[in-house]
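Novice: Following this message is one structure expressed as structure tokens.
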Amino acid sequence: MKFQGSENYVATQDLMLAVNAAITLKRPLLVKGEPGTGKTMLAEEVAQALNMPLLQWHIKSTTKAQQGLYEYDAVNRLRDSQLNTADSAERVQDIRNYIVQGVLWQAFTADQPVALLIDEIDKADIEFPNDLLRELDRMEFYCYETRELIKAKHRPLVFITSNNEKELPDAFLRRCFFHYIKFPEAETMRQIVAVHFPGLKDELLTVAMKTFYDVRNLPGLKKKPSTSELLDWLKLLLAEDIPLEALQSADNKVSIPPLVGALLKNEQDTTLFEKLVFMNQRNR
Ligand SMILES: Nc1ncnc2c1ncn2[C@@H]1O[C@H](COP(=O)(O)OP(=O)(O)OP(=O)(O)O)[C@@H](O)[C@H]1O
Ligand SMILES: [Mg+2]
């Protein structure tokens with residue numbers, strides 16, 4: 001099993017290395033990086049490339065570790081017990097009918113090796129990663145209601161993504177292989193754009209990329225635009241048929257690009273950018 005990138009996803013050499021290292025170590029791959037740098041998509045693409053089904057678990061602030069294992073549906077059981085039909089009476093007898101399997105349970109009991117994505121682990125409360133330590137390490141857990149040990153038939157390939165909103169505990173980090181997706185350099189970015197817009201004219205791309213990196217490199221930006229925002233912006237430029245000249249002033253000075261709302265996402269950043277453009281024009 002080796003990941004070598006895919007048609008839809010541009011993976012740098014070190015990213016491929018990281019994926020393969022996690023596979024070799026049989027440890028979860030912890031992926032960090034700015035929003036929109038392809039963390040979630042990585043799991044989808046690796047799963048597809050290695051021909052594994054992908055189970056996804058999207059973490060929210062209210063998500064508990066137990067939900068990934070299983071939940072006991074007491075309400076449904078109570079309802080069945082009150083229904084008084086032969087069918088429901090039979091169902092009530094077996095507690096197994098009220099155990100709702102979580103993603104980890106499904107991943108552990110699947111007949112073939114699967115990929116498991118635990119997306120945005122930093123959204124959950126601080127106990128969440130600690131609560132999953134043993135399950136991810138030993139690949140087993142105990143179901144008290146049915147008194148059975150759920151053990152992984154095949155070790156799933158685990159991807160964990162984080163946007164760094166919270167620190168992860170050391171004991172958790174020890175068990176992962178870590179990779180930070182660096183913001184793509186111009187050459188990689190060109191390849192990513194080519195994947196999404198195969199026929200894009202070179203001149204337009206060059207000018208758009210220059211504007212994009214100029215905006216991104218503005219000192220003091222609150223929210224830097226990322227890969228997915230560049231893609232959105234290009235899509236708009238194409239859809240609106242924006243001419244090259246609108247992106248590029250004759251004297252190569254900075255100007256406010258059209259549809260800048262695709263790149264800058266708050267008023268402070270827009271104001272900052274406008275000020276800079278204004279100063280630039282005055283210095284002419
Ligand atoms: N290396 C890449 N190759 C191809 N497309 C990419 C790449 N990186 C990012 N993209 C594009 O950017 C979009 C956003 O990627 P994705 O949703 O995986 O980001 P993310 O890192 O999970 O962001 P968030 O932290 O906000 O969840 C993808 O849908 C894809 O179109
Ligand atoms: Mg994501």
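Novice: Residues being over 14 Å from K39 (Cβ atoms) and either within 16 Å of ligand 2 (Cβ to nearest atom) or part of a helix (DSSP H, G or I) (or both): count how many of those fall in the range 2-25.
Specialist: Within the range 2-25, the first condition is being over 14 Å from K39 (Cβ atoms), and the residues that meet it are 2-8, 13-14, 16-17, 20-21, 23-25.
Within this subset, residues satisfying the condition of being either within 16 Å of ligand 2 (Cβ to nearest atom) or part of a helix (DSSP H, G or I) (or both) are 8, 13-14, 16-17, 20-21, 23-25.
Residues meeting the conditions: 10.
Novice: Could you tell me which residue of the range 197-235 is farthest from A21 (Cα to Cα), considering only residues that are without any contact (Cβ under 8 Å) to a residue 40 or more places away in the chain and among the aromatic types (F, W, Y)?
Specialist: Per the stated criteria, the residue is W233.
Yes/no matrix, rows are residues, columns are (1) away from ligand 1 (no atom under 15 Å from the Cβ); (2) in the same structural domain as D94 (by TED's automatic domain parsing); (3) surrounded by 18 or more Cβ atoms within 10 Å (Cβ to Cβ):
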position	(1), (2), (3)
T146	yes, yes, no
P156	yes, yes, yes
N163	no, yes, no
G199	yes, no, no
E229	no, no, yes
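Novice: Tally up the residues in the range 197-206 that are assigned to a helix (DSSP H, G or I) and either within 17 Å of A239 (Cβ to Cβ) or modelled with pLDDT under 90 (or both), please.
Specialist: Initially, the range 197-206 is screened for residues assigned to a helix (DSSP H, G or I), giving 202-206.
Next cut, either within 17 Å of A239 (Cβ to Cβ) or modelled with pLDDT under 90 (or both) only: 204-205.
Matching residues across the range 197-206 total 2.
Novice: Name the pairs: first residue in the range 28-39 and over 16 Å from T12 (Cα atoms), second residue part of a strand (DSSP E or B) and near ligand 2 (Cβ under 9 Å from one of its atoms), Cβ to Cβ under 8 Å, at least 6 apart or on different chains?
Specialist: From residues that are over 16 Å from T12 (Cα atoms), the pairs are L30/T161.
The values are calculated or read from the model by the stated rules, or taken from the named source; none is laboratory data. Note that this is a predicted model, so its numbers are computed, not measured. Positions of Cβ are backbone-derived with ideal geometry, glycine not excepted, and every protein chain shown enters the neighbour counts.
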